[in-house]
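Report on one structure; see the data block that follows.
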Amino acid sequence: MARKALIIVNGEPPKKQRLLALARESRMIICADGGANVALKTGIMPHAIVGDLDSIHAEALVKFHKVPTHEDRNDETTDLEKAVLWAIGAKYDHLTVVGATGRRIDHSAGNLSVPAKYYPDAIIRFVDDFGEISYVGRELSFEGRKGEVVSLIPLSRCDGIVTEGLQYSLNGESLELGVREGTSNVVISSPVLIKVRKGNLLLFRLFD
């Protein structure tokens with residue numbers, strides 16, 4: 001059975017209603033450093049705070065003084081990665097991340113590698129107000145809505161991509177940033193199947 005955790009990062013969070021809904025469906029709420037500031041603003045009580053603690057505001061520290069705090073000053077990992085590693089260590093394997101995009105574009109770009117980097121120890125998805133991003137692995141199947149817009153985002157050169165259920169199908173072809181991308185495809189039948197022989201591919205699904 002999936003053990004679900006929500007990780008709140010100090011980026012641009014989704015609207016309060018969506019964030020609260022994600023919190024309700026998670027067994028564990030983890031703030032990645034300054035993500036505690038976001039939790040404070042939205043009235044969410046975290047179960048743990050993880051990171052190097054250089055971005056959390058004094059007000060959040062006071063409010064969450066009883067929340068277990070795990071300081072990690074490893075310069076080789078971001079606060080998001082520290083939170084992911086802590087969640088994996090606590091046996092949570094399905095992680096929803098909010099606030100990992102928006103604001104600083106360099107942080108957003110770097111965070112996109114995290115779902116691939118920690119797969120299969122954790123199934124990670126990023127959620128904002130527009131949609132969600134997840135890692136395809138070698139094969140991914142999902143129930144899509146007819147007309148739903150999806151994009152295939154190659155982190156590296158991806159070869160041998162096969163899709164079923166999408167308007168613009170791929171049959172063993174390649175995607176690579178700067179060469180050929182897979183933006184704004186459309187679901188025409190369900191389930192949608194995506195296979196990748198080689199490379200790291202992300203799936204973006206646009207919300208209604």
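We did not get these values from a lab; they are worked out from the coordinates using the rules stated. Since the structure is predicted, the reported quantities are computational estimates derived from the model, not experimental observations. Every residue, glycine as well, gets a Cβ built from its backbone with ideal geometry; the counts of neighbours run over all protein chains shown.
For this structure, a couple of remarks:
- The distance linking the range 151-208 with the range 84-149 is 16 Å (Cα centroid to Cα centroid, whole angstrom).
- All aspartates and glutamates inside 14 Å of K91 as judged from Cα atoms, apart from same-chain residues fewer than 8 positions distant: D121
- For D93, net neighbour charge (Lys/Arg +1, Asp/Glu -1) across residues whose Cβ lies under 14 Å away: +4
- Gained length - K91 relative to E76, 0.36 nm times residue gap less alpha-carbon distance: 3.2 nm
- The label point for D129 and the one for K117, both projected 7 Å from the Cα toward the Cβ, are 2.8 nm apart.
- Sorted peptide list for 78-85, 65-72, criterion being average Cβ within 10 angstrom, highest first: 78-85, 65-72
- The range 67-208 - charge dipole about Cα centre, Lys and Arg +1 at Cβ, Asp and Glu -1, debye rounded to 20: 300
- 5 angstrom amide H check on I123, placed H, neighbours 5+ away: H94, L95
- Peptide packing for 48-58, 173-183, 131-141 was compared via the average number of neighbouring C-beta atoms within 10 Å per residue; ordered from the highest value, the list is 48-58, 131-141, 173-183.
- Over the range 139-206, Cα pairs under 8 Å with separation of 6+ residues give a relative contact order of 50 percent.
- Each residue, R145 and T183, gets one label point 7 Å from its Cα in the Cβ direction; the gap between the two is 2.3 nm.
- A Cα-only calculation for the chain places Rg and Dmax at 17.6, 55 Å.
- The DSSP beta bridges internal to the range 139-206 are antiparallel in roughly 100% of cases.
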